[in-house]
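Since the structure comes first, as structure tokens, the remarks are kept for the end.
Please treat every number below as a calculation from the coordinates, not as lab data. Quantities reported herein were computed from a predicted structural model and do not represent experimental measurements. Cβ atoms come from the backbone with ideal geometry, glycine included; neighbour counts cover every protein chain shown.
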Amino acid sequence: MDIKVITKEQARAYSPLTLAFLGDSYYELMVRRKITLEHNMSANKLHIAAVKKVRASFQAAACEKIAELLTVEEAEIFRRGRNAGGAVPRSASPAEYRKATALEALLGWLLLIGENTRAEELFEVIYNSEKK
């Protein structure tokens with residue numbers, strides 16, 4: 001799949017919630033791919049495993065694991081995502097939702113600028129965060 005890459009300046013012009021919109025699907029795809037490669041089981045069991053990793057509470061807790069790994073530029077995108085407004089789902093606290101949105105905004109930004117390798121590095125830390 002050929003994905004168009006834009007400059008950092010162009011990507012920075014997007015609202016944090018737009019970046020999070022893209023990052024949410026990117027993150028879920030990475031989770032689904034990882035779980036599928038690790039486990040050959042029924043679709044229902046795969047779904048249950050994926051939900052544990054994509055819910056806001058997991059993402060929020062995982063954010064603590066990557067905070068010190070972020071560059072100054074990444075931390076700025078993360079901060080913008082955390083400060084963005086939005087309707088909080090019933091399944092998450094406002095604080096969890098803000099951190100999850102921050103993570104998704106960062107991943108969306110990395111995808112837009114073609115930093116897939118960096119996104120994968122951060123994803124591995126996030127995905128394996130509960131194992132440590």
Just to be sure I understand the model, the point goes 7 Å from the Cα along the line to the Cβ. What's the resulting Ala61 to Asn128 distance in nm? 1.8
Which residue, Asn83, Gly108, Ile48, has the largest displacement toward the positive end of the dipole of the chain when charges sit on each Cβ (Lys, Arg +1; Asp, Glu -1)? Ile48
Per residue of the stretch 58-67, what does 6.51 cos²θ - 1.76 cosθ + 1.60 with θ = phi - 60° give for ³J(HN,Hα)? Whole Hz please, x for Gly and Pro, Karplus curve as stated. 5, 4, 4, 5, 5, 4, 4, 6, 9, 3
Taking the alpha-carbon centroid of each part, what is the distance from the stretch 64-90 to the stretch 23-48 in angstrom? 23
Mind checking the angle between helix 116-127 and the chain's longest principal axis? C-alpha axes, 0 to 90 degrees, to the nearest 10. 50
Counted charge near His47, where neighbours are those whose Cβ lies closer than 12 Å (Asp, Glu -1; Lys, Arg +1): +3
How big is the charge dipole of the chain about its Cα centre, in debye rounded to the nearest 20, if each Lys and Arg gets +1 on its Cβ and each Asp and Glu gets -1 on its Cβ? 460
In terms of the charge dipole of the chain, which places +1 on Lys and Arg and -1 on Asp and Glu at the beta carbon, the residue among Ile3, Ala13, Leu29 farthest towards the positive end is Leu29
So how compact is the stretch 8-131: Cα radius of gyration and Dmax in angstrom? 13.9, 43
